[in-house]
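Inspection log for the structure reproduced underneath, given as structure tokens.
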């Protein structure tokens, strides 16, 4: 991701949540999903200064393990994970139409 972005990739602490690995009690405390990939040490919430969530997601799909896993798009960061099976979603902070734009990009390029 860093090579694709050309800038450092940062793990976010959005909304006070640890954007990397979380223990189950902390995951519950921050409102994480019950079976979160974060507690399995398979996920990260990342951002690059100056890039939108959609721009980051388009980079993430270029990385095969991420393309085949989960990508969640927010306004200025993304969730990526290496779960078994492809999954895509957006968060309320993502501009309207973001998920459709990501899906279109993937259809046209992968």
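Take the conditions (1) closer than 19 Å to residue 11 by Cβ; (2) in contact with a helix residue (DSSP H, G or I) (Cβ under 6 Å, 6 or more places away or on another chain); (3) without any contact (Cβ under 8 Å) to a residue 40 or more places away in the chain; residue 70 misses just one of them, which is (2).
Within the range 71-96, the set of residues being within 9 Å of the chain's Cα centre (by Cα) and more than 18 Å from residue 107 (Cβ to Cβ) comprises 72, 74, 77, 78, 79, 80, 81.
Checking the stated criteria, residue 53 turns out to be closer than 20 Å to residue 2 by Cβ, under 13 Å from the mean Cα position of the chain (by Cα) and surrounded by 12 or more Cβ atoms within 10 Å (Cβ to Cβ). If you scan the range 82-107, which residues turn out to be in contact with a helix residue (DSSP H, G or I) (Cβ under 7 Å, 6 or more places away or on another chain) and part of a helix (DSSP H, G or I)? 98, 101, 102, 105 - these are the residues of the range 82-107 that are in contact with a helix residue (DSSP H, G or I) (Cβ under 7 Å, 6 or more places away or on another chain) and part of a helix (DSSP H, G or I). Could you say which residue among 107, 84 is under 22 Å from residue 21 (Cβ atoms) and exposed (fewer than 13 other Cβ atoms within 10 Å of the Cβ)? On inspection, the qualifying residue turns out to be 84. Screening the range 11-25 for residues that are surrounded by 12 or more Cβ atoms within 10 Å (Cβ to Cβ) and modelled with pLDDT of 85 or more and picking the one that is farthest from the chain's Cα centre (by Cα) gives 24.
Looking at 57, 3, 33, can you tell me which residue is without any contact (Cβ under 8 Å) to a residue 12 or more places away in the chain, closer than 29 Å to residue 109 by Cβ and not in a loop (DSSP other than H, G, I, E, B)? Unique residue meeting the criteria: 3.
Residue count for the range 22-58 under the criterion of being more than 19 Å from residue 94 (Cα to Cα) and in contact with a helix residue (DSSP H, G or I) (Cβ under 7 Å, 6 or more places away or on another chain): the result is 4.
Once the range 91-104 is narrowed to residues that are in contact (Cβ under 8 Å) with a residue 12 or more places away in the chain and farther than 15 Å from residue 61 by Cα, the residue that is surrounded by the fewest Cβ atoms within 10 Å (Cβ to Cβ) is 95.
Restricting the range 64-81 to residues that are out of contact with any strand residue (DSSP E or B) (no Cβ under 8 Å at 6 or more places or on another chain) and assigned to a loop (DSSP other than H, G, I, E, B), the residue that is nearest to residue 36 (Cα to Cα) is 68.
The values are calculated or read from the model by the stated rules, or taken from the named source; none is laboratory data. The structure presented is a predicted model; accordingly, all values stated were derived computationally and were not measured. For neighbour counting, all protein chains shown are included, and Cβ atoms are generated from backbone atoms with ideal geometry for every residue, glycine included.
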